[in-house]
Amino acid sequence: MSYPVDLSIKPKVAGFFEPETNTISYVVKDPLSSSCAIVDPVMDIDYAAGRIAYKSADILIDYIRVNELKLEWLIETHAHADHLSASPYIQEKLGGKIGIGEHILTVQETFGKVFNEGTEFRRDGSQFDRLFKDGETYAIGTMNGFVMHTPGHTPACTTHVIGDAAFVGDTLFMPDGGSARADFPGGNARILFRSIRKILETLPPETRLFMCHDYAPNGREIRWETTVAEERAHNIHAHDGVTEDEFTALREARDKTLSMPRLIIPSLQVNIRAGHLPRPDASGKTFLKVPINTL
C-alpha cells in the first residue's frame, strides 16, 4: 500500500502521563527542524470543587520552551469523555492550530441535544481551526502527518500517522488492555473492530503505536508505546484471528459492565467546544450542566 507521507521518518516523541485520568499527552518533534505538535493535552479539573487548573498543560509548555521548539499543531484524536482538553490554553501561550476529525459535527449534534445547548452553541466545528478528512495530510516542519478516520469508540475518532509513529487515541489500548468501550452515543463495536483492523492491516508491522490511555492491567507499570506487530500478535481483544463477530460479542458484553467515566459530563461539554468552557452568564459566572437520567 502507498502512503501520502514518508513512514521512514522517525519523529522524536515525548509522552507525559497524567495520573488522575490515566491520559498520555505527546509532544511530537520533526527530526529535521524545531517544529512540533501536541497530541491530546489535558486540562486539570477538581470536579467536586468546580475548579480547573493547568498544571498538566504547563508541563507541556515548559518542555516546548526549554527545548526551544515551535508548536504548529494541537491535535485532538477525538472528543474525549474522560478528560478535558487544554488546547486553547496552550494555543494562547504558544500558538499553533487546533485540529480534530471532521465528524466532530456528529458529536456536537449528539451532545448538543444531551446537554440542551442553545442556538448559541455552533454545531459546525468552527470552534476548531481545522477539521481533518480521512486521508488528509498536514505539515509539521519538514515532515507530514496524515489522518485515518478510525470510528467506533466515537464517530469522530482519528488516528494520526506521523512518520513511523501513529497516535491511535482510544481506538486501541496496549496489547494487555485490548480496546476502548464502544457504547457511548454514536459508538459501535463492529465499526471499532473494522477501525482496529484498518490500523493493524494497513500500517507496517514496525510502526510505533502510541496510546491515549493506560490503566496498568494486573498492576504492571504504566506503558504507552507498542507496535503494530505486537498488537497483531498479542492484543487480548483484537489479535490476528479474532473475528468481527467474536470481537463484537466480547466488546458489547464488557461494555455492559462498565460505569460511566467519572469526568464524562464536564469533559464532553468542554471538548465539543474545542477545549473552551461554556460562555459565562450575565453575572460573569461559568456553569456546566448535569443532565439527569440521560447518559
Query raised in the report: What's the Kirkwood radius of the stretch 54-97 in Å, using all Cα pairs?
Result: 11.1 Å
Query raised in the report: Just for the stretch 1-122, what percent of DSSP beta bridges are antiparallel, to the closest 5?
Result: 65 percent
Query raised in the report: Setting aside same-chain residues fewer than 8 positions from Lys93, which aspartates and glutamates have a Cα under 17 Å from its Cα?
Result: Asp40, Asp44, Asp58, Asp62, Glu68, Glu72, Asp129
Query raised in the report: Does the stretch 100-237 classify as rounded, prolate or oblate by the C-alpha gyration tensor (a ≥ b ≥ c root eigenvalues; a/c under 1.5 gives rounded; else a/b over b/c gives prolate, otherwise oblate)?
Result: oblate
Requested in this report: Give the long-range amide H neighbours of Ile45: residues separated by 5 or more places, or on another chain, with amide H under 5 Å away, using H modelled in the peptide plane at 1.01 Å from N.
Outcome: Ala53
Query raised in the report: Nearest-5 percent of antiparallel DSSP beta bridges in the chain?
Result: 70 percent
Query - Residue range of the chain that is longest and free of chymotrypsin sites (Phe, Trp or Tyr not before Pro) which are both DSSP loop and sparsely packed (at most 12 other C-beta within 10 Å) - result: 1-214
Query - Estimated 222 nm signal from helices in the chain, with DSSP H stretches of n ≥ 4 weighted -39500 (n - 2.57), rounded to 500 - result: -7000 deg cm²/dmol
Report summary line: Phi angles of the stretch 203-218, converted by Karplus (6.51 cos²θ - 1.76 cosθ + 1.60, θ = phi - 60°) into ³J(HN,Hα) in whole Hz with x for Gly and Pro, give 8, x, x, 7, 4, 6, 10, 10, 7, 8, 9, 8, 10, 6, x, 6
Query raised in the report: Where the centre of each part is set by its Cα atoms, how far does the stretch 1-29 sit from the stretch 36-80, in angstrom?
Result: 14 Å
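Laboratory data are not the source of any read-out in this text; all were calculated from the coordinates shown. All values reported here derive from a predicted model rather than from experimental measurement. With ideal geometry, Cβ positions are generated from the backbone for all residues, glycine too; neighbour counts draw on all protein chains shown.
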